[in-house]
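One structure is given here, and the rest of the page talks about it.
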Amino acid sequence: MVPCWAHPGHPIFWLESFRQVRNRSLMTFQRIFLPILFGVTGMAILVVTVLMLPIGISDSPNSAVQLILGFAIGTLACIQIGAGGIANLLTVLLAAPLISGEIELQSWRLLRTTMMPLPEIVFAKLAAILNEQRIMLWGLYVLRFISTGTVVLFIVYGVMRQDLYYSDIQFRTFFISGKWLAYIILMTAIASYNLSQPLVQSVLCGMLGLAASAYTRTRSQAIAGGLVARLICWIGTTLLHIGLIYGIVYLFDNWSSPSYAHLEIFHNMPTPTSSQITWASYLMASGYLMGFLAAQVGFILFLAGIVLRRARRLEV
C-alpha cells in the first residue's frame, strides 16, 4: 500500500535521507526534542494539578476534577501549538531547498534525465524529509493522544454528567431520545481532527516549502519564501476561523432564540427544544471540524498540483 517513492529503497528517497543524516545539528535537535517535550508537558500538568486542586476542593471534589481537566486541556493545547509550530517551521526549512537546491547545484536537469517520473522525484524528496522527522512526529502524536483523551474525559465527566446525574428518568430519557449519539459524534469528530493534525500539518508545511522551492532559484530565497508562505497561511487561517466561528455562532444564537433574534427572518420560526439545540450545536461543531480537515487536504492537493506544474517548466 506504500507508494514506491515513499520506500527507503527508492534512490531519490535514499539520497535525500543520506543528506539529512549528515546534518548534525538536525540530528541533535531531534534527539533532544522528545525529552524536552515530555518534560515540559509533565511539569505543566503537575503545576496545574497542584495549583487547581486546592481551589477545586474548596468547592467540591467534582469541581476539582472538572477544574483540573479544564486547565489541563488549555495547558496541553498551548504546548501543542508551541511544539507543533517548531516542527512545522523545521519542515518548511528542510523542504524549501529540495528543488531550489538542485537548481543551484545545477543537478536538477540530471535528475530529470532519469527514467523516473517527475511526481516520483518530487514526492520521494518530501517523503524522505518527513521520514527523518518521524521521531518528532511520534512525540507530537503521543501529546495529541494525551490531549484527546483529556478532552473526551472532560466531556464524559462534565457535560454528560449534567444529563445523567439528577434522576433515573433523565437517565432513561437521555438514551431513549438518542441524545447520547450526539456526544459520540462530537467526540469522534474531535478525536479525528486532533489526531490527524500532526501528519496533515507536516505534509502541508512540506508542500509549502516545495512550492517556494519550485518558484525560486536559490536555497536562501526558497527558505525565506517558505517561511513567509507559512506565516501568511497561519494568519489567514486564524482570521478565517474567527470570521466563520463568529458568523456560525451569530446565526445559531438567532435560531435558538427566535423571539429575541436580531435577524427578522428568524422571528416566525418555532423555538427549538433543548434536545434540538444540543443536536444542532454538536453536529455544527463536528461538521466544522470535519469540513476544515477536508479543506486542509484539498489545499495540500492544490499545492501538489502547482508544484508539479512549475517543476515541469523548470526542465525547459
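The values are calculated or read from the model by the stated rules, or taken from the named source; none is laboratory data. Just so you know, these numbers come straight off a predicted model, no measurement behind them. All Cβ positions, glycine included, derive from the backbone under ideal geometry; neighbour counts span all protein chains shown. Areas reflect the complete protein model, heavy atoms only, side chains present, ligands, DNA and RNA absent. Shrake-Rupley method; radii C 1.70, N 1.55, O 1.52, S 1.80 Å.
Couple of notes before you dig in:
- Out of LEU210, LEU199, LEU251, sole residue that is open to solvent by less than 30 Å² (accessible area, probe 1.4 Å) and either under 23 Å from the mean Cα position of the chain (by Cα) or aliphatic (A, V, I, L, M) (or both): LEU210
- Selection status of ILE68, surrounded by 19 or more Cβ atoms within 10 Å (Cβ to Cβ), part of a helix (DSSP H, G or I) and not acidic (Asp, Glu): yes
- Answer from THR278, THR273 - the residue that is of a type in the set (Val, Ile, Thr), modelled with pLDDT under 85 and open to solvent by 50 Å² or more (accessible area, probe 1.4 Å): THR273
- The C-beta contact set for region 85-110 (first residue aromatic (Phe, Trp, Tyr), second residue in a helix (DSSP H, G or I), distance under 6 angstrom, 6+ apart or interchain) comprises TRP108/GLU102.
- Only one of the listed residues (LEU98, LEU76, LEU67, LEU89) is out of contact with any strand residue (DSSP E or B) (no Cβ under 6 Å at 6 or more places or on another chain) and modelled with pLDDT under 85. That residue is LEU67.
- Qualifying residue in region 233-247 (condition: farther than 30 Å from ALA87 by Cβ and modelled with pLDDT of 90 or more): yes
- Residue pairs meeting the criteria (Cβ under 9 Å; at least 6 apart or on separate chains; first closer than 16 Å to SER286 by Cα, in region 245-256; second β-branched (Val, Ile, Thr) and open to solvent by less than 60 Å² (accessible area, probe 1.4 Å)): PHE252/ILE277
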